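The values are calculated or read from the model by the stated rules, or taken from the named source; none is laboratory data. The shown structure was predicted, so the numbers you read here are calculated from the model rather than taken from an experiment. Glycine gets a Cβ as well: all are built from the backbone with ideal geometry, and neighbour counts include every protein chain shown.
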Amino acid sequence: MSLVDGFGRVHKDLRVSLTDKCNLRCTYCMPEEGVDWISKAKHLTIDELRRVITLLCEDGINEIRLTGGEPLLHPEVVEIVKMLNELPTKPEISMTTNATRLDTLADELKTAGLKRLNISLDTLNPITFKELTRRDGFEETMIGIKAAQKAGFEPIKINSVLMRGINDHEAVGLLDWAIENQFELRFIEQMPLDAQHAWDKNLMITQEEIFNMLSQKYELTAAGNRGSDPAELFNIAGTKLKVGIIASVTAPFCQSCDRLRLTSDGQIRNCLFSLSESDLRIPLRNGANDSELKKIIFENIAQKKRGHGIGEPDFVQPVRPMSAIGG
Ligand code: SAM
Ligand code: SF4
């Protein structure tokens, strides 16, 4: 049976948060200090992950993106990739990471079966990096990116969030760097998922602004037909590369959303912005059978809303910050 919601959207892409922990503290994602971590006992074990993900794959999930928090902080991340790669339905395994631990892990992850990498980097300036992430780590990130290239990940996608007055002047510089290194750069509009609940639409850098900044140097033409890809892609004249803009706020793509989320403590979420989630961990640990677990999953998907509702008068930001949902 496919994982279809009430609007006919078929879910094929599962985002799995391996941990809510992170070694950076990006201002748009986490508070500087004082995070309420999910307790270790609540984290799904590898066997529990295998059980839940196998059920989801039986019903049509064919892409699994590991994320977090920082997925590379999970002590068994390589074993998890290997386990997923051995699932009978052979889903495609990808990961979103801040790259700080790729220096030691890139080769092992590649061998374990990780197919694609999205690396998050918002600035090429070490001082801005520290201001934005409130941690040291610029050098490790750059070394990690090199290690990913060396391990043969291809293409590497880079995710960047621009923040007004902090790194928005780097839009063109980031694209120059991406072209030089043959990376596919994707700018993401900042969403209201910060732990401080301080997001302000007026401070956000919009898709239109990003496009205009890039167009001052580059000729961009729409690449068309994005399918369920959240990024609108543009061809960059004179190169074989594309640049993407994920305009979750100003041009939402909810109508083609095929994503489902599993948090590290075993909650199924049908949207980044859901205010409710369905617990699989306790039923799993209490001995629920496959059809009981599937019933929970299908009921959750059936409740998926038409859209995220950002900007509508009744919009309420979810309690979980991005780091505990899995971006
Ligand atoms: N730690 C990993 C990383 O940074 O790549 C994976 C988790 S992180 C939550 C996944 C992606 O979400 C990153 O590319 C990050 O830039 C993005 N992100 C986090 N908070 C965001 C927000 N409030 N708005 C838009 N993107 C956000
Ligand atoms: Fe950590 Fe990624 Fe969130 Fe930055 S965006 S704080 S790297 S989880």
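Only helices (runs of 4 or more DSSP H) whose full extent lies in the range 112-189 are considered here, and the ones with at least 2 residues that are under 29 Å from residue 201 (Cβ atoms) and of a type in the set (A, V, I, L, M) are 126-133, 171-181.
Part of a loop (DSSP other than H, G, I, E, B), more than 12 Å from ligand 1 (Cβ to nearest atom), of a type in the set (Gly, Ala, Ser) and surrounded by 15 or more Cβ atoms within 10 Å (Cβ to Cβ): which single residue out of 60, 8, 34 fits that description? It would help to see each step written out before you state the result.
On the way: 8 fails: surrounded by 15 or more Cβ atoms within 10 Å (Cβ to Cβ); 34 fails: surrounded by 15 or more Cβ atoms within 10 Å (Cβ to Cβ).
Result: 60 is the single residue among 60, 8, 34 that is part of a loop (DSSP other than H, G, I, E, B), more than 12 Å from ligand 1 (Cβ to nearest atom), of a type in the set (Gly, Ala, Ser) and surrounded by 15 or more Cβ atoms within 10 Å (Cβ to Cβ).
Looking at the range 244-327, the helices (runs of 4 or more DSSP H) lying wholly inside it that each contain 3 or more residues that are farther than 29 Å from residue 178 by Cβ sit at 281-285, 290-302.
Only one of the numbered conditions (1) of a type outside the set (S, T, N, Q); (2) under 19 Å from the mean Cα position of the chain (by Cα); (3) surrounded by 15 or more Cβ atoms within 10 Å (Cβ to Cβ); (4) within 30 Å of residue 112 (Cα to Cα) is violated by residue 155, and that is (3).
Quick grid of which residues meet (1) surrounded by fewer than 17 Cβ atoms within 10 Å (Cβ to Cβ); (2) at pLDDT 90 or above:
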{"position": "201", "(1), (2)": "yes, no"}
{"position": "208", "(1), (2)": "yes, yes"}
{"position": "220", "(1), (2)": "no, yes"}
{"position": "225", "(1), (2)": "yes, no"}
{"position": "231", "(1), (2)": "no, yes"}
{"position": "235", "(1), (2)": "no, yes"}
{"position": "238", "(1), (2)": "yes, yes"}
